[in-house]
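**Q** Here's a structure for you.
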Amino acid sequence: MNSDTELAPAVESILEAARERSGGEGVVDVDARSLSDALADAEAEGRVPVIAEVKPTSPTAAGTRADDPVELARAMVDGGAAAISVLTEPTHFGGSPEALSRIRAAVDVPVLRKDFVLEEAGMDVVEADLLLLIVRFVDDLEALVTAARERGFQPLVEVHDRAELETALEAGAEIIGVNNRDLARLEVDLETFESVAPEAPDDVTLIAESGVSSPADVRRMREAGADALLVGSAIMDHGAGDSDVTANTRRLTRAESSTTTETTRAHDGETQT
C-alpha cells in the first residue's frame, strides 16, 4: 500500500477479503462505452452527470436492499444517471461480478466495476467499461493503469488527498475520483474534494465520490470543479427498502435545473408582489 496511515477495521477486513479472492480465467478484452461521451451527453441534455451506484449494502449503510440489481440500474438510468457503478465485492457489499454482467447487458450507459483490485489478476473477473483503482491500496499504480487500458478498461483512479492526486497524475490517470470519505475513520467531509480539486489539471475528468446526499451537495461539488458525481447511499437509501430509486436519482441529476426553477419562481413572486 502507498500509505502508512492506520485504516478503519472495516477497511482492513475488506482488503483481507480482496487478497483472498482469485482472478478470472484468461484475460478480459473490453469494448468499452465512453465515459466522457456519456458525461457530455448528460451536460447537453441539462442533467448533472451522475454515476449512480448499485450497492446492496456496505459497512456504513443503514441496511440492505435485496432488489434485483438490474431493476435498480434501470431505475437509475430512468432517473437520468449518466453511468452506473456496480459493487462486485461480495463479502462486505453484497455485490457480484454476475450482477455487473447482467446490468451491463440491460443498460446502454457506461458501467464501472467498483471493487478493491490490488493486482493485475484481479482485473480479469468481468467485463466493464470502467475499473476502479484506489491509490492508497496498490503498490504499482502505473503498471495497473497500463494493464487496465490494455484490456480496454477506462481506469478511474481514486485519491483522497493532494499527495495521492500527484501519484495518480504521475501514473497517467485521466479519470480521477476524489473520495470524501476518510478510510482511516470512515468519516465524510466534502471539503476533501474542495481541497484537492484545485490541484487537478483541466484536462482530467474529476469525479466527486461519497457524501453527496442532497441537491445542495451536488451544487457544492459542481461549483468546486466536479465533472461528475458518484453517488450510492443517497440513491439506494438503504434505510428505506422501498425508496424510489428513480426519484432519488432524478433529484440529484436535476439539482442544477431545479435551482434555476426556484430562482425563477422567487423572481416571479417578487414581480407579482
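The values are calculated or read from the model by the stated rules, or taken from the named source; none is laboratory data. Being a predicted model, the structure only gives us computed values, none of them experimental. A quick note on method: Cβ atoms are made from the backbone with ideal geometry, for glycine too, and the neighbour counts reach across all protein chains shown. Just so you know, the surface numbers come from the protein's heavy atoms only, side chains and all, with ligands and any DNA or RNA stripped out. Shrake-Rupley method; radii C 1.70, N 1.55, O 1.52, S 1.80 Å.
**Q** For segment 198-213, what are the residues that are surrounded by fewer than 21 Cβ atoms within 10 Å (Cβ to Cβ) and either in contact (Cβ under 8 Å) with a residue 40 or more places away in the chain or part of a helix (DSSP H, G or I) (or both)?
**A** Across segment 198-213, the qualifying residues are PRO198, GLU199, THR205.
**Q** Can you tell me how many residues within segment 144-166 are open to solvent by 50 Å² or more (accessible area, probe 1.4 Å) and either part of a helix (DSSP H, G or I) or within 19 Å of VAL28 (Cα to Cα) (or both)?
**A** Result for segment 144-166: 6.
**Q** Okay, moving on. With the structure loaded, tell me whether ILE235 is in a helix (DSSP H, G or I), buried (at least 24 other Cβ atoms within 10 Å of the Cβ) and within 14 Å of the chain's Cα centre (by Cα) or whether it fails that test.
**A** yes
**Q** Let me ask you something else. So which residues in segment 36-50 are farther than 11 Å from ASP227 by Cα and either out of contact with any helix residue (DSSP H, G or I) (no Cβ under 8 Å at 6 or more places or on another chain) or among the β-branched types (Val, Ile, Thr) (or both), if there are any at all?
**A** ASP37, ALA38, ASP41, ALA44, GLU45
**Q** Just one of (1) touching a helix residue (DSSP H, G or I) at 6+ places or on another chain (Cβ under 9 Å); (2) surrounded by fewer than 24 Cβ atoms within 10 Å (Cβ to Cβ); (3) under 19 Å from ALA52 (Cβ atoms) trips up VAL188, so point out which.
**A** (1)
**Q** Quickly run through segment 121-159 and pick out the residues that are charged (D, E, K, R) and touching a Lys or Arg at 6+ places or on another chain (Cβ under 9 Å).
**A** ASP124, GLU127, ASP129, GLU158
**Q** Return the total of residues in segment 18-35 being loosely packed, with under 14 Cβ neighbours inside 10 Å and in a helix (DSSP H, G or I).
**A** Of the residues in segment 18-35, 2 are loosely packed, with under 14 Cβ neighbours inside 10 Å and in a helix (DSSP H, G or I).
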